[in-house]
């Protein structure tokens, strides 16, 4: 049985402008000790989906199922959820300064975290555990740093303290929402290394939410590519990078400045992501897709690609990779014939 | 990048020269009576040249002084000491009024497309500001020229009367570009122009900047912390660490034959969007954080984190000169430069741990 099994999750919010559909039928599973990467641009619903699973989106209309060890998180009451949040599922957020309380010492916050879930732990025990945790994530002189305030920590140290706090009760699952986006590359490398080491040591499953395909390539086992509240493609890491099927995945990868190789011009995806209140008809990526054709006015379902049950993509291009390539070429030639190439910027 | 830019890129054609530029910020003393005269050494003796038509990339971690340097060049900060020359004229000590004619030739694009546009003003009036400030055009003429520049950056000129909130992040950054371009400047300082944007939009803006450079013969100083973006856009690149330039040279020279251990560490820390490379490569993980710029380390400022540090590094500050037979255009400030093919991940510093602690708690075991 999978550790976390999310089926057909929908999340919507009422806004003055109409209903905003943030997540529109998302399914994924996370196994023990595995890292699932969720990648997508701003507004793709990647953060909202995990926050909803943890009961952190107030005022949202939620549908679907999220089974954590067989229990549905979406139907739990606050009390039941509190027992799981922190203890069974740890969370790390993007901004380490606003996730730590500025008035309380870092150590106190970790101790509080431990004792609120396990009253039988004495303060002294909890403090010893806090020091051990800080040492584990590589904070120097943890016995002294434990009584520092968050502002005395640098950005990287704060994020490591957040990881220490999230790991305090040996959770089975760690949800990391853009944990390194606010950090410099050198510090990012340190933090990712700490997370990988902890995963090896304790077998924690990780959901890594990021917009950075470099981070995904580094840490993820499986990858979900999200766009406009839906999974566009879901496969293991190598398939996503080398044998992707969906034009959106392709567009994301092509728009990166080639690392190592030289390309004169970047190949951006034309246009903007759609509004989640007034979604385009059919495939949400249709208005930006270079291969869009008549069939795309219907919304494509996630289908199995090239006979690999672990690889699904929501696109009307043929699931057979050879046929897909042929059709892709035809559609590109169609564009060349129809219009003189517009100097799109 | 362009053909005509290449032709004009002779060595003598220096658009901007920065000579030993220093910018210190006084630190507010915590006690009322203390005569604490601490200063933040934000930029500490930087010399570089920007040639006409080229893009100079400026990279480094948070707090290395890259934005302060850019702001000093734009004279948005007063300069503590040193010299800035634009087209051969010294602009270091000019007053606000005296600077004004120069501002037509040097403009800036900011990182945050949300914070840098006044939400209560219409786009046409924001982009039209440079024309009214310099008294160049008003009324219909101003509108015509604003719409012209909007079209140039790929905005719909009919959106002249809209508010910034009606635009997406990428379009807002185009508004910032349009405003900078309005007076057809010679130099544009781009301070993290794409950092706040999604990758697909980021590529649109980078292409736009490249096209505009080709069309208008612009010169860019391009600040970014994303090293793959800098590699893509720059002709030359300067790597900064704690207020100093650690390495400077043609972009391929610096990326392929990085001499400074810091440049190597920075390059190896960049996540590569390619699983095969990601699992094969040997990452150099630096210990600790950047030391405080209030009391920068002695000698080479990188020595407390450097995997190759020796006693010389603690005592003597290295000069920024060509190393290991590099061409004179590629300079590095390091006593023990990294040879091609050397694996830094195996290096161990040869100085005592006590010397490595410049700031409390710097040495970690990660």
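Going by the structure shown, is residue A:92 within 16 Å of residue A:167 (Cβ to Cβ) and either exposed (fewer than 14 other Cβ atoms within 10 Å of the Cβ) or in contact with a strand residue (DSSP E or B) (Cβ under 8 Å, 6 or more places away or on another chain) (or both)? Answer is yes for this residue. The residues of segment B:134-151 that are in contact (Cβ under 8 Å) with a residue 24 or more places away in the chain and in a helix (DSSP H, G or I), listed by number, are B:145, B:146, B:149, B:150.
Out of the residues in segment B:242-261 that are assigned to a helix (DSSP H, G or I) and in contact with a helix residue (DSSP H, G or I) (Cβ under 8 Å, 6 or more places away or on another chain), state the one that is farthest from the other protein chains (Cβ to nearest Cβ). Looking at the filtered set, the residue picked out is B:254. Scanning segment A:254-275 for any residue that is modelled with pLDDT of 90 or more and either in contact with a strand residue (DSSP E or B) (Cβ under 8 Å, 6 or more places away or on another chain) or more than 28 Å from residue A:310 (Cβ to Cβ) (or both) turns up nothing.
The test for being within 23 Å of residue B:210 (Cα to Cα), surrounded by 15 or more Cβ atoms within 10 Å (Cβ to Cβ) and in contact (Cβ under 8 Å) with a residue 12 or more places away in the chain holds for residue B:113. Of B:231, B:236, all but one fail to be at pLDDT 95 or above and surrounded by fewer than 24 Cβ atoms within 10 Å (Cβ to Cβ); the exception is B:236.
From the list A:328, A:265, exactly one residue is surrounded by 12 or more Cβ atoms within 10 Å (Cβ to Cβ) and within 22 Å of residue B:200 (Cα to Cα). Which is it? Every option except A:328 fails the conditions.
Of everything in segment A:34-61 that's part of a strand (DSSP E or B) and touching a residue at least 60 places away in the same chain (Cβ under 8 Å), which residue is farthest from residue A:279 (Cα to Cα)? Restricting to residues being part of a strand (DSSP E or B) and touching a residue at least 60 places away in the same chain (Cβ under 8 Å), the top hit is A:35. Residues that are on the phi > 0 side of the Ramachandran plot and within 14 Å of the chain's Cα centre (by Cα) within segment B:171-230 comprise just one, B:192.
Of the residues making up segment B:309-326, just one is closer than 14 Å to residue B:338 by Cα, in contact with a helix residue (DSSP H, G or I) (Cβ under 8 Å, 6 or more places away or on another chain) and surrounded by fewer than 22 Cβ atoms within 10 Å (Cβ to Cβ), namely B:326. Looking across segment B:210-226 at every residue that is modelled with pLDDT of 90 or more and facing chain A (nearest Cβ under 10 Å), the one that is nearest to residue A:185 (Cα to Cα) is identified as B:210. Residues of segment A:108-152 that are within 11 Å of another protein chain (Cβ to nearest Cβ), in a loop (DSSP other than H, G, I, E, B) and more than 25 Å from residue A:196 (Cα to Cα): A:148 alone. Would you confirm whether any residue within segment A:164-180 is closer than 18 Å to residue A:216 by Cβ, at pLDDT below 90 and either at the interface with chain B (Cβ under 10 Å from one of its Cβ atoms) or not in a loop (DSSP other than H, G, I, E, B) (or both)? Checked segment A:164-180: at least one residue is closer than 18 Å to residue A:216 by Cβ, at pLDDT below 90 and either at the interface with chain B (Cβ under 10 Å from one of its Cβ atoms) or not in a loop (DSSP other than H, G, I, E, B) (or both). Tallying residues that are within 17 Å of the chain's Cα centre (by Cα) and surrounded by 14 or more Cβ atoms within 10 Å (Cβ to Cβ) within segment A:1-16 yields 8. Candidates B:154, B:176: the one that is in contact (Cβ under 8 Å) with a residue 40 or more places away in the chain, part of a loop (DSSP other than H, G, I, E, B) and within 26 Å of residue A:43 (Cα to Cα) is B:154. Looking across segment B:262-282, just one residue is crowded, with 19+ Cβ neighbours inside 10 Å and modelled with pLDDT under 85, and that is B:278. Against the conditions (1) away from every other protein chain (no Cβ under 14 Å); (2) surrounded by fewer than 20 Cβ atoms within 10 Å (Cβ to Cβ), residue B:191 satisfies every one except (2).
Total residues in segment A:104-128 satisfying the condition of being within 21 Å of residue A:92 (Cβ to Cβ) and in contact with a helix residue (DSSP H, G or I) (Cβ under 6 Å, 6 or more places away or on another chain): the figure is 8. Of the residues B:297, B:273, B:193, B:185, the single one that is part of a loop (DSSP other than H, G, I, E, B) and free of Cβ contacts under 8 Å to residues at least 24 places away in the same chain is B:273. Residues of segment A:1-33 that are closer than 17 Å to residue A:173 by Cβ and either touching a helix residue (DSSP H, G or I) at 6+ places or on another chain (Cβ under 7 Å) or not in a strand (DSSP E or B) (or both): A:1, A:2, A:3, A:6, A:9, A:26, A:31, A:32, A:33. Kindly evaluate residue B:163 against the criterion of being away from chain A (no Cβ under 12 Å), over 23 Å from residue B:304 (Cα atoms) and surrounded by fewer than 24 Cβ atoms within 10 Å (Cβ to Cβ). When the stated conditions are applied, residue B:163 passes them. Among the residues of segment A:3-33, those identified as at positive phi and in contact (Cβ under 8 Å) with a residue 60 or more places away in the chain are A:18, A:25, A:33.
The values are calculated or read from the model by the stated rules, or taken from the named source; none is laboratory data. Owing to the predicted nature of the structure, the values given are computational and were not obtained by experimental measurement. Neighbour counts are summed over all protein chains in view; Cβ atoms, including those assigned to glycine, are modelled from backbone coordinates with ideal geometry.
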